[in-house]
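Below you'll find the structure, written out as structure tokens, and then a few comments.
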Amino acid sequence: RTVDKTYLAIVPNALRVPPGGVLVHGLTEGDDGRMRAWDPARAPRGSKEARTRVRVLEHHGTSALVELHPETGRTHQIRVQLAAIGAAIDGDTMYGGAPAPRLMLPAQRLALQHPVRGGALELVAPTPRALRDHLAGLGATLPPDVASVAERMREAAARRTAIVVDGHTEALRLAHGPGDALPDVTLDAYREHLVL
């Protein structure tokens, strides 16, 4: 509970952020293995409190981009809490989200105390192209020009180069369909051969 986490999510534009911007629920696990969110006053005995700060960053048509900071660390906490207020995350089929190429809930930032040197350590990830494209309504199709497709393939491969740097891996997936904003495209490398 010492790591400060920030996530982004795409949710329906009708999201109503509670006063103070903090979602508070009691969470329980159902018989089907899915988590359930309850109003704290009506939560069953044994439920665990979940708290998530929410801030709307942008509105785009019927969608909104939100920033989320979980203050507790419960299983599926963000997903369950947003679904409970009628704002299921796009791509979250388990909790009723709208269709999307992937779960639109990327981690954006982690801040913690460095485990060896001490002091603050902050890790920040760029906003994934798949999230930006989905928000703009572009994620379902490939771009019409070769240069844009090639750029997306280079970006996807660059995210995975750390896997092969040590020389122990000779086979890996360089691009994986919608998760890399490349619907219907998969690119695998096997030593010096590529399979598209």
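The values are calculated or read from the model by the stated rules, or taken from the named source; none is laboratory data. Just so you know, these numbers come straight off a predicted model, no measurement behind them. Because the Cβ atoms are built from the backbone with ideal geometry, glycine has one as well, and the counts that use them run over all protein chains shown. For accessibility, only protein heavy atoms count, side chains too; no ligands or nucleic acids. Shrake-Rupley method; radii C 1.70, N 1.55, O 1.52, S 1.80 Å.
Summary table below
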| quantity | calculated |
| --- | --- |
| Subset of the stretch 37-61 [touching a residue at least 40 places away in the same chain (Cβ under 8 Å), surrounded by fewer than 17 Cβ atoms within 10 Å (Cβ to Cβ) and under 17 Å from Val17 (Cβ atoms)] | Val56, Leu57, Glu58, His59, His60 |
| Residue satisfying all of: in the stretch 160-196; open to solvent by 50 Å² or more (accessible area, probe 1.4 Å), in contact with a Ser or Thr (Cβ under 9 Å, 6 or more places away or on another chain) and not in a loop (DSSP other than H, G, I, E, B); nearest to His134 (Cα to Cα) among these | His176 |
| Which listed residue is among the small types (Gly, Ala, Ser) and at pLDDT below 95, from Gly26, Gly46 | Gly46 |
| Residues (among the hydrophobic types (A, V, I, L, M, F, W, C), more than 28 Å from Pro183 (Cβ to Cβ) and either touching a Gly at 6+ places or on another chain (Cβ under 8 Å) or surrounded by fewer than 17 Cβ atoms within 10 Å (Cβ to Cβ) (or both)) located in the stretch 70-126 | Leu110, Ala111, Leu112, Val116, Ala120, Leu121, Leu123 |
| Qualifying residue in the stretch 116-129 (condition: more than 23 Å from His59 (Cβ to Cβ), polar (S, T, N, Q) and modelled with pLDDT under 95) | no |
| Qualifying residue in the stretch 143-156 (condition: open to solvent by 50 Å² or more (accessible area, probe 1.4 Å) and hydroxyl-bearing (Ser, Thr, Tyr)) | no |
